[in-house]
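Accompanying notes for the structure given below.
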Number of protein chains: 2
Amino acid sequence: MTVANSVSRREDERVAREILARLKVVVEPALDAALARVSPELHGALGYHFAGGGKFVRAGLTLLCASAAGADESVALDGAVAIELIHNFSLIHDDIIDRDVERRHRQSVWAQYGIGPAIIAGDALSTLAVQLLLERPSPARQAAATRLADATQEMIRGQSEDMAAESRSSLSVAECLAVADGKTAALLSGACALGALLADAPAPVTEAMSDFGRHLGLAFQAIDDVLGIWGEARLTGKPIGNDLRRRKKTLPVSFAHALGVDVYATLASVDAELSDEDVARITAMLDDGGARQATIDLGEDELRAALGALDRVTLRDPARAELVAVARYVVGREQ
Amino acid sequence: MTVANSVSRREDERVAREILARLKVVVEPALDAALARVSPELHGALGYHFAGGGKFVRAGLTLLCASAAGADESVALDGAVAIELIHNFSLIHDDIIDRDVERRHRQSVWAQYGIGPAIIAGDALSTLAVQLLLERPSPARQAAATRLADATQEMIRGQSEDMAAESRSSLSVAECLAVADGKTAALLSGACALGALLADAPAPVTEAMSDFGRHLGLAFQAIDDVLGIWGEARLTGKPIGNDLRRRKKTLPVSFAHALGVDVYATLASVDAELSDEDVARITAMLDDGGARQATIDLGEDELRAALGALDRVTLRDPARAELVAVARYVVGREQ
């Protein structure tokens, strides 16, 4: 039962999609204008990557946080674009690192253009994000650029821990959460903090939004891990049981381990590629051991903590209500 | 005849080496302190990379420019470290892109640790550079961070043009210079500008130093291209004739093309790997056609322009004289 599993779930989803679609219309032209500034030689690879779509959830959160903090959305537009640039920099590089040949039902950038062009295209995006925030100097923009660089470094820390985990025999739940905190939550936290910083919000508001984004990121990762094992291929864009087949050390697997069901040992005991039967057997182990439910519970707890962070401060509507709607949607997503 | 080919050449070299060695002692502990802040999972790869050595020419230029502009070297220390971080980020990523398995007579980072760890290690360095300059806010540091991001984006532009050139049949001298301007000169220019900016120098001084670095970069690239074809393997750390063997579109080759010696066509006419005889024959074509001398002349012109830029403003000694010594050394290098 996710929180979004309520009677009005479909209506909530529709509203959240509308909010994100409206914000995407604001962000996309600014993003395109920024992308036009990088080397023309990279326009092919970057145009291809961004044509793959995306809902701009992070950019949307930045704009909503600025508005909820009492400012005009437009003060946070460069911040929203910068966050989206950093997010896509990480997607492009992570696909190389994880040898993922597909993204959004199409070839990933490196699979389409080669490793070299994909590395340099990602580098251009991360540098562009900094340029965008710094070029018109102000204390708020300097603070935002600093916060963004910190979030990026945290994300890199998470990715490096994720890579190192490949050669480990098991990860504890706490270790899994630390990776998720870096890989996913740091940038969502940064997205929300940037909105507050660019709105010149008081420190407690910025902290509340930063916490909101961090808990939301952990909730998102929990549900993403559930979908990576139990999600339908049509919806996730990945083969069913993909995370198990790749022996990824996700939250459900670490929960099973903690609950006494040693999925790590089972994954390690199969030498070659996992067959459909292996995947089905291990999936059943996770279900029976309560690992799926434990991960969903964690996701719900984190969503509750995220919404609780917003309650700590006074925020402006309708942006506040829209933040709540988007948060529920992101965690309960079935897209 | 390089400018450094004077009677007192050996003495000049010794002085320049001493200046750089003194500055390295200042920079290295600050660099190590900065590196300690990135993810511990990356310490192995980064420690390996930096243990390969390096003279910290760029960091040295930043410190000397701050001092020549009248400030204490220490105001530019974070800038010097940041420049060195960006330089090494580019080395680590470029080695993957160019499939270079060796750097400084050892395996390159990706060859030793794998492509994924090398990508993420480079990403950590570029982000750390921004963090370092932004964390203690001041107008000078914000200006320096902006200038650094601009230089980084220019460098990325140069690298992307270099990659695109691989599928071209030829490059004009102007196109070769545009690539060198991005790949090499942009960061040397940024190194010098950062020293001036962090010294709160007046705009004409910052511009003069920026120009000094840019011309120095082009001079350096010209001599580097000469060494890539005619340099001794013991000194360059690369096999003799390496650039020709890799059919790189360097300045000597583009000069030969412009002078009517079509080395591009000759390089293209050999199907398989170039034999030692092929390399010797093409090298002779470059010599006879005057391409070697044209490249050396360009290098000397650019060095003269670099030193001329320093003459446009009033600078403080001994840093000013030391900048001149280091510039001559960098261009005349036989290390």
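The values are calculated or read from the model by the stated rules, or taken from the named source; none is laboratory data. Predicted model only: the values in this text are computed from it and were never measured. Glycine gets a Cβ as well: all are built from the backbone with ideal geometry, and neighbour counts include every protein chain shown.
Name the residue that is surrounded by the most Cβ atoms within 10 Å (Cβ to Cβ), counting only residues in segment B:165-174 that are away from chain A (no Cβ under 12 Å) and assigned to a helix (DSSP H, G or I).
B:V173
Residues of segment A:132-152 being free of Cβ contacts under 8 Å to residues at least 12 places away in the same chain, assigned to a helix (DSSP H, G or I) and over 21 Å from A:A185 (Cβ atoms), which ones?
Passing the criteria: A:L134, A:P139, A:Q142.
Across segment B:25-80, what is the total count of residues that are outside any helix (DSSP H, G or I), modelled with pLDDT of 95 or more and under 18 Å from the mean Cα position of the chain (by Cα)?
Result for segment B:25-80: 1.
Within the group B:R281, B:R304, which residue is at pLDDT 95 or above, part of a helix (DSSP H, G or I) and basic (K, R)?
Residue meeting the stated conditions: B:R304.
Please enumerate the residues belonging to segment A:253-266 that are in a helix (DSSP H, G or I) and either over 15 Å from A:L227 (Cα atoms) or in contact with an Asp or Glu (Cβ under 6 Å, 6 or more places away or on another chain) (or both).
A:S254, A:F255, A:A256, A:H257, A:A258, A:V263, A:Y264, A:A265, A:T266, listed by residue number.
Quick one: B:S189 ticks every box in (1) over 14 Å from the mean Cα position of the chain (by Cα); (2) farther than 30 Å from B:R245 by Cα; (3) part of a helix (DSSP H, G or I) bar one, so which box is it?
(1)
Would you mind stating whether B:L77 is closer than 16 Å to B:A145 by Cβ and of a type outside the set (D, E)?
For B:L77, the condition - closer than 16 Å to B:A145 by Cβ and of a type outside the set (D, E) - is met.
Could you say whether any residue in segment B:108-127 is of a type in the set (F, W, Y) and at the interface with another protein chain (Cβ under 9 Å from one of its Cβ atoms)?
No, the conditions are met nowhere in segment B:108-127.
Only one of (1) at pLDDT 95 or above; (2) assigned to a helix (DSSP H, G or I) is not met by B:D162, so which one is it?
Of (1) at pLDDT 95 or above; (2) assigned to a helix (DSSP H, G or I), only one is false for B:D162: (1).
Scan segment A:101-118 residue by residue and report those that are among the small types (G, A, S) and either under 14 Å from A:S90 (Cα atoms) or part of a helix (DSSP H, G or I) (or both).
A:S108, A:A111, A:G116, A:A118 - these are the residues of segment A:101-118 that are among the small types (G, A, S) and either under 14 Å from A:S90 (Cα atoms) or part of a helix (DSSP H, G or I) (or both).
Can you tell me which residues in segment A:76-93 are within 23 Å of B:A118 (Cβ to Cβ) and surrounded by 21 or more Cβ atoms within 10 Å (Cβ to Cβ)?
Within segment A:76-93, A:L85, A:I86, A:H87, A:N88, A:F89, A:S90, A:I92, A:H93 qualify.
What are the residues in segment B:136-157 that are within 8 Å of chain A (Cβ to nearest Cβ) and farther than 14 Å from B:L85 by Cβ, if any?
Of everything in segment B:136-157, those that are within 8 Å of chain A (Cβ to nearest Cβ) and farther than 14 Å from B:L85 by Cβ turn out to be B:P137, B:P139, B:Q142, B:A143, B:T146, B:D150, B:Q153, B:I156, B:R157.
What single numbered condition from (1) within 13 Å of another protein chain (Cβ to nearest Cβ); (2) surrounded by fewer than 22 Cβ atoms within 10 Å (Cβ to Cβ) fails to hold for A:H105?
For A:H105, the failing item is (1).
Considering every residue within segment A:134-143, establish whether at least one is crowded, with 23+ Cβ neighbours inside 10 Å, at pLDDT 95 or above and touching a Gly at 6+ places or on another chain (Cβ under 9 Å).
No; the residues of segment A:134-143 include none that is crowded, with 23+ Cβ neighbours inside 10 Å, at pLDDT 95 or above and touching a Gly at 6+ places or on another chain (Cβ under 9 Å).
List every residue pair whose Cβ atoms sit under 6 Å apart, with the two residues 6 or more apart in sequence or on different chains, where the first one lies in segment A:211-231 and is closer than 17 Å to A:R58 by Cα and of a type in the set (D, E, K, R) and the second, anywhere, is modelled with pLDDT of 95 or more and surrounded by fewer than 24 Cβ atoms within 10 Å (Cβ to Cβ).
Every condition considered, the pairs that remain are A:D211/A:A309.
Quick one: which residue in B:D123, B:D100 is surrounded by fewer than 19 Cβ atoms within 10 Å (Cβ to Cβ) and within 24 Å of B:A164 (Cβ to Cβ)?
After applying the criteria, what remains is B:D100.
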